[in-house]
Amino acid sequence: MSVSLTACGDDAYITRIQEEGKLVVVTRNAPTTYYVGRDGDTGFEYELISAFAEELGVELELVMSDNPGNILGLVAEGEADIAAAGLTRTKQRQDRVLFSDSYQDVTQQVVCHRRGARPSGPEDLVGLSIEVPAETSYVEQLNRLQEETPELAWEVHPEHNTEFLLEKVWKRKLDCTVGDSNIVAVNQRYMPELSVRFELSDPQPLAWAMPANADGLQDAVNDWLDQYEEEGQLQALINQYYGFIEVFDYVDTRAFRRKVERVLPQYQKLFQEAGKQYGIDWTLLAAQAYQESHWNRHARSPTGVRGIMMLTQITAKEVGIQSRLDPKQSIMGGAKYLANLRGRLPEAITEPDRTWIALAAYNVGMGHIYDARKLARNQGKNPNLWHDFRDVLPLLSQKKYYEDLRYGYARGSEPVRYVRRIRNYHDMLLQALKVE
């Protein structure tokens, strides 16, 4: 992909960025923006802005701030070139800075404790303890609602961000707070007692902010975003960070967190040993095993698959294990089988797509994976990318598609759900174990 800067003309701002060889970006340290993971710097906003900096051929210099007012101030004063911090584009903010085109829509949600207050509309918030971060779009929205409900009151915190206040609600030190839907969705999996009571706003656009005199930079960003979206890379990035988040299931999430504490310690060393031997992240193996059996060594399905990794008799024989009910044999056998599946995929499939497709094969069988690859090519999709591949798999249950395929019918939606749930459990497990 190549960004044309002809629209920028001789704009001094972007010329200065290219001459200095760096793009100064202010962001937040949070799960939806930027954080340091097990493999280094990561986060949706980080990856998006990194791709833009790479396209410009400049280095990325990050500045951290948790306060939206400070973030916008750094941009307005020219101390940062771009704010890539999950900011909603509002009329009030547009009076201070320039904004890019939108790359994602979110809604503001009122979040309370599951066993706490149950407001169903703004008027029900009267009398509740409500706190929101300072200088956020939440404050703007609450100010507008207060015109209709004068009794509505809340406290503004200049130092506390959305994640902190969600945790405060979770600990029942606060009745309710407000958060953008993407932030709530991520944090709700780590704090299962959080409950979305109602939508406080219509969908709002997330966008990057830039100094008021950076028209050329704004043009370059918008041109690049258009190309990035047109080539499917924006949707792929959204899928990477949010595509695995299911509709929230409180009971399942709470049960999972209890079993992390009470059951996982019995098997953790086995998962670690198997992961090391077969080159698979042990926490991913553990998440897969939870999806298969909920870490029940005696698990058995109506079709006869058994054990923690729910192996068939044929698979158990293939990987050389004698007892599917023996936890060590089952975990080692499941890891070996997954590694074998991953190794049978074409070299053109790279990580992490290689692992997601291998997991799908574990669920539905490699024959159907081969069929789905053929179907993906016929549909004009990339069979090497999970976000394309998962769109094709459900078609395997439709006769007009499977009747011409070698391995025929399959419940194609099942492996899609299977992979999504494993990714969800894996993400929650990393948070529960505080794995970095």
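Out of curiosity, is Val63 closer than 20 Å to Arg96 by Cβ, β-branched (Val, Ile, Thr) and not in a helix (DSSP H, G or I)? If you could, list the steps in order and put the result at the bottom.
Values: closer than 20 Å to Arg96 by Cβ: yes; β-branched (Val, Ile, Thr): yes; not in a helix (DSSP H, G or I): yes.
Answer is yes for this residue.
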Report yes if Leu270 is open to solvent by less than 30 Å² (accessible area, probe 1.4 Å) and either modelled with pLDDT of 95 or more or over 19 Å from Ala361 (Cα atoms) (or both), otherwise no.
-> no
For Glu147, indicate whether it is open to solvent by 20 Å² or more (accessible area, probe 1.4 Å) and either of a type in the set (A, V, I, L, M, F, W, C) or assigned to a loop (DSSP other than H, G, I, E, B) (or both).
-> no
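Give the residue, chosen from Leu142, Leu98, that is touching a residue at least 24 places away in the same chain (Cβ under 8 Å), over 26 Å from the mean Cα position of the chain (by Cα) and under 24 Å from Gly78 (Cβ atoms). Working first, answer last.
Working: Leu142 fails: under 24 Å from Gly78 (Cβ atoms).
Within the list Leu142, Leu98, the selection yields Leu98.
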Subset of segment 92-125, residues open to solvent by 60 Å² or more (accessible area, probe 1.4 Å), in a loop (DSSP other than H, G, I, E, B), over 30 Å from Glu229 (Cβ atoms) and not basic (Lys, Arg), comes to Ser120
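Which one is most open to solvent (accessible area, probe 1.4 Å), of the residues in segment 150-165 that are in a loop (DSSP other than H, G, I, E, B) and touching a residue at least 12 places away in the same chain (Cβ under 8 Å)? Give the derivation first.
Applying the first criterion (in a loop (DSSP other than H, G, I, E, B)) to segment 150-165 yields 150-154, 158-161.
Narrowing the set further to residues that are touching a residue at least 12 places away in the same chain (Cβ under 8 Å) leaves 151-154, 158-161.
Numbers: Glu151: 119, Leu152: 2, Ala153: 59, Trp154: 54, Pro158: 78, Glu159: 149, His160: 53, Asn161: 25 Å².
The selected residue is Glu159.
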What single numbered condition from (1) assigned to a helix (DSSP H, G or I); (2) surrounded by fewer than 18 Cβ atoms within 10 Å (Cβ to Cβ); (3) of a type in the set (Gly, Ala, Ser) fails to hold for Gly216?
-> (2)
Which numbered condition Thr32 misses (of (1) closer than 22 Å to Asp180 by Cβ; (2) touching a Cys at 6+ places or on another chain (Cβ under 6 Å)) = (2)
Sole miss for Glu318 among (1) out of contact with any Leu (no Cβ under 7 Å at 6 or more places or on another chain); (2) within 16 Å of Arg421 (Cβ to Cβ) is condition (2)
Note on segment 220-265: residues closer than 25 Å to Leu284 by Cα, in a loop (DSSP other than H, G, I, E, B), of a type in the set (D, E, K, R) and touching a residue at least 24 places away in the same chain (Cβ under 8 Å) are Glu246
Quick one: would you say Ile14 is surrounded by 15 or more Cβ atoms within 10 Å (Cβ to Cβ), at pLDDT below 95 and outside any loop (DSSP other than H, G, I, E, B)?
-> yes
Out of segment 290-344, which residues are open to solvent by less than 50 Å² (accessible area, probe 1.4 Å), within 16 Å of Ile280 (Cα to Cα) and of a type in the set (D, E, K, R)?
-> Arg342
Sole exception among (1) part of a helix (DSSP H, G or I); (2) over 18 Å from Thr355 (Cα atoms); (3) open to solvent by 50 Å² or more (accessible area, probe 1.4 Å); (4) polar (S, T, N, Q) for Gln277, by number = (2)
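Would you please name the residue that is least open to solvent (accessible area, probe 1.4 Å), looking only at residues in segment 166-212 that are part of a strand (DSSP E or B) and of a type in the set (Ser, Thr, Tyr)?
Thr177
Considering segment 325-375 alone, what residues qualify as being among the small types (Gly, Ala, Ser) and either farther than 22 Å from Leu237 by Cα or in contact with a helix residue (DSSP H, G or I) (Cβ under 8 Å, 6 or more places away or on another chain) (or both)? Full working, then the answer.
Filtering segment 325-375 down to residues among the small types (Gly, Ala, Ser) leaves 330, 333-335, 339, 343, 348, 358, 360-361, 365, 367, 372.
Ser330, Gly333, Gly334, Ala335, Ala339, Gly343, Ala358, Ala360, Ala361, Gly365, Gly367, Ala372 - these are the residues of segment 325-375 that are among the small types (Gly, Ala, Ser) and either farther than 22 Å from Leu237 by Cα or in contact with a helix residue (DSSP H, G or I) (Cβ under 8 Å, 6 or more places away or on another chain) (or both).
The values are calculated or read from the model by the stated rules, or taken from the named source; none is laboratory data. Here the structure is a predicted model, which is why all the values come from computation and not from measurement. Virtual Cβ from ideal backbone geometry, glycine too; neighbours counted across all protein chains shown. SASA here: full protein model, heavy atoms, side chains in, ligands and nucleic acids out. Shrake-Rupley method; radii C 1.70, N 1.55, O 1.52, S 1.80 Å.
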